[in-house]
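Worksheet for the structure shown next.
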Amino acid sequence: MSGAVHILCAVRDWRDLRPLIAQLDDGEHCIFEIVTSGPRAIEACLKAPPDILLVEAVLPGMDGLGVVDCLKRALGERMPRVIAGAGSSFSEKGFRRRGVRAVAPIPWETDILKQAILREMSEMEACTDWNALAPLQQQACALLEQMGMHASLKGYIYLSHAAALAYENESRLFHVGREIYGPIAGYFGTT
């Protein structure tokens, strides 16, 4: 991945993140920015969308769920990857319903949070250039139709994307969940 990953942290007390920041913020791979309220998180994201948004469920001015909702409407496809901090199962479920894949417990546990950030960074590196794969995906559609699968069948489009990914790089077949299902789910905004 080229350039440092910009991580915006919307937290009530940034001191809870000191150990994490000390481990990851080197200016070369990760750069952290801290805001302490929901409205400031929205303002910062709209000004310059970060790569990763770390957001607590409870924030002054607007809760983390509201921040995620507002940013989804405002940023659409430019929405950053979100790692949410939840202190209850209610807020965790709320984040999950909004498509947030990484939810860490509050109070923050440095190791869990670090792993979530590194996982998101790894997935960012493995981002798929779907425009470059479009011709392969179209060929896969033609083959599926020749085999008798109709475009109206559930899973047709997913299968054509999976075939294109596998054809482009056969080693993906050894890690189907991470390297085929994951990118397709991200592309279609589903699980």
Those residues of region 69-107 which are touching a strand residue (DSSP E or B) at 6+ places or on another chain (Cβ under 6 Å) and of a type in the set (A, V, I, L, M), in sequence order
Val82, Ile83, Ala84, Ala86, Val100, Ala102, Val103, Ala104, Ile106
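Find the residue count for region 123-180, including only residues that are of a type in the set (S, T, N, Q), exposed (fewer than 10 other Cβ atoms within 10 Å of the Cβ) and either within 27 Å of Ile52 (Cβ to Cβ) or in contact (Cβ under 8 Å) with a residue 12 or more places away in the chain (or both).
2
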Name the residue, out of Pro39, Pro19, Pro60, that is of a type outside the set (A, V, I, L, M), open to solvent by 20 Å² or more (accessible area, probe 1.4 Å), in a loop (DSSP other than H, G, I, E, B) and farther than 23 Å from Tyr187 by Cα.
Pro60
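The values are calculated or read from the model by the stated rules, or taken from the named source; none is laboratory data. Since we're looking at a predicted model, the values are computed, not measured. When we count neighbours, we look across all protein chains shown, and the Cβ atoms used for this are built from the backbone with ideal geometry, even at glycine. We work out accessible area using only protein heavy atoms, side chains counted, and drop any ligands, DNA or RNA first. Shrake-Rupley method; radii C 1.70, N 1.55, O 1.52, S 1.80 Å.
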